[in-house]
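Presented below is the structure to which this report refers.
All of the numbers you see were taken from the coordinates with simple rules; none came from a lab. In this text the structure is predicted, and so the values were computed from the model without any measurement. Here the Cβ positions follow ideal geometry from the backbone for every residue, glycine too, while neighbour counts run over all protein chains shown.
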Amino acid sequence: MHYAYWLPRAIVGLLCAAAAAVAFAQEAPDAMVKRVSQDVMATIRSDPRLQAGDPQRIREVIETKLLPNFDFERITALAMGRNWRQATPAQQKELIEQFRALLVRTYSGALTQYKDQTISFKALRAEAAATEVTVRTEVVRQGQSPVPIDYGMIKTAGGWKVYDVIVGGISLVTNYRDEFNEQIRSGGVDGLIKALQEKNKGAVAK
Amino acid sequence: MTTRAHTVVALGIAVLLSACASTPGRPYDPFEASNRVMYAINDPLDRYFAKPIAQAWVDYMPDVVQMAVRNYVNNIDDLFSGVNGLLQGKLDKAGNDFGRVLINSGFGLAGLIDIASDAGIPRGNEDFGQTFGYWGIPQGPYLFIPLWGPTTVRDGTGSIMRLVWSPTTEIPDVAVRNVIYGLGAIDLRAGALEATSLIEQASLDPYTFVRRSYLQRREYQVYDGKPPPEKDED
């Protein structure tokens, strides 16, 4: 069951990698992760509606504070692997949208569970000219082993963006690559799109 | 002794069943067809048996008792972590682990209280599966065992060694021993309550999701957090 222990921490990963709506184009990637993490933690701690689990407010926080910091096109393309190039532009657009919705739904359920944790930020080891870096953090909860959470980040015109979250060695992108491959193998790209759409509809119904 | 025999037989049967249904496909999961059957069997067993027990344990058992059980299990894990640290030549880590076991077993009521953590001695997390990996032994086929979860031939062998050599087996009173096994199992499931609902929400195919998570996690542990870059397969 060890694997399972780490999965919920992926939530923290997504939550804490967020960005403010204001673009900090020149901000270093590790500084960005730190700023966003602390911003989100402070927001959770100070907002009773969030702590009570108000779904609308949770969505708001995720949309405005977290999502602007993610490069969903890259996340989706990486999860698709070489199947990405076989998809038409229209399929790609739909895939990005559906995958984004799936991740948002999954993680909004757990946003408020993590208000009593602290995050330590490790020194960034990267060259100044690097356009891809890994930012390393560790989440500490009372009475539990620290959970390492790494962010794969890429430099874009709009500043640094997160393209992978790796929790205790489990990469979000790698996990979904298997899932996507499986769906594409049995039903093609359209089969994958359909599976994602159905999953998202089901999530709404619940 | 019979407990040991049962465990070995149970796993042996699982492996044999799997072997019968071997199908071509992913090289790391040659028994996928039968593993999926095991996964399907596990689902109701977990949903209507293991999970409710674990949930009740978390909801109604006093925190002190929950902590004591967890500490007892952790103390034995620490012992094996030390042994495996030695087997991998990681002497510093092994020293920490054995130090923890001595302190907690001696001053912490046979491991029920985790004094060593309060004293700031970090926990290791080595196990036999990781030692085999460190020695270069590959994972072998992936296996899914009902009520146990994901494992591989390599890691499963390690888990059996951990069970068979546990100091708990030396407790002469069978009833006491079985209660300890039972509580340990509940604690294990309780530790993963959040995870299972997340897997259901997040994944298109939970079987694949669990498999990839498990294999990634173990690879990461074998390399102490610095696994070699993954190849992009098929």
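Taking R0 as 22 Å, what FRET efficiency do you get between A:LYS155 and A:ALA42 from their Cβ-Cβ distance, rounded to the nearest 0.05? Once the sixth-power term is evaluated, E becomes 0.25. Screening chain B for whole DSSP H helices of 30 Å or more along their axis (Cα) with average Kyte-Doolittle hydropathy at least -1.0 returns B:63-87. Look at the stretch A:181-190: the mean tally of other chain Cβ atoms within 10 Å of its residues' Cβ atoms is 2. As a rough guide to protection, the peptides B:158-171, B:194-207 ranked by mean Cβ packing within 10 Å, highest first, stand as B:194-207, B:158-171. Close amide-amide hydrogen proximity is noted between B:GLY149 and no other residue 5 or more places distant or on a separate chain, at a cut-off under 5 Å (H modeled in the peptide plane; Pro and chain starts excluded).
With R₀ set to 22 Å, the beta-carbon distance separating A:GLU127 from B:GLU219 gives a calculated FRET efficiency near 0.25.
Taking all Cα pairs closer than 8 Å and separated by 6 or more residues, the relative contact order of chain B comes to 22 percent. Inter-chain Cβ neighbour count for B:149-157, averaged per residue, equals 1 (cutoff 10 Å, partner chain atoms only).
Past 31 Å, Cα to Cα, is the threshold; run A:LYS201/B:LYS51; A:LYS93/B:LYS226; A:LYS65/A:LYS93; A:LYS122/B:LYS90 against it and keep the listed order.
Where the Cα-Cα span goes over 31 Å, the pairs concerned are A:LYS93/B:LYS226.
Counting Cβ atoms of other protein chains within 10 Å of each residue's Cβ and taking the mean over peptide A:163-176 gives 4.
Put in order of Cβ neighbour count within 10 Å, fewest first, the listed residues A:LYS194, A:LYS201 become A:LYS201, A:LYS194.
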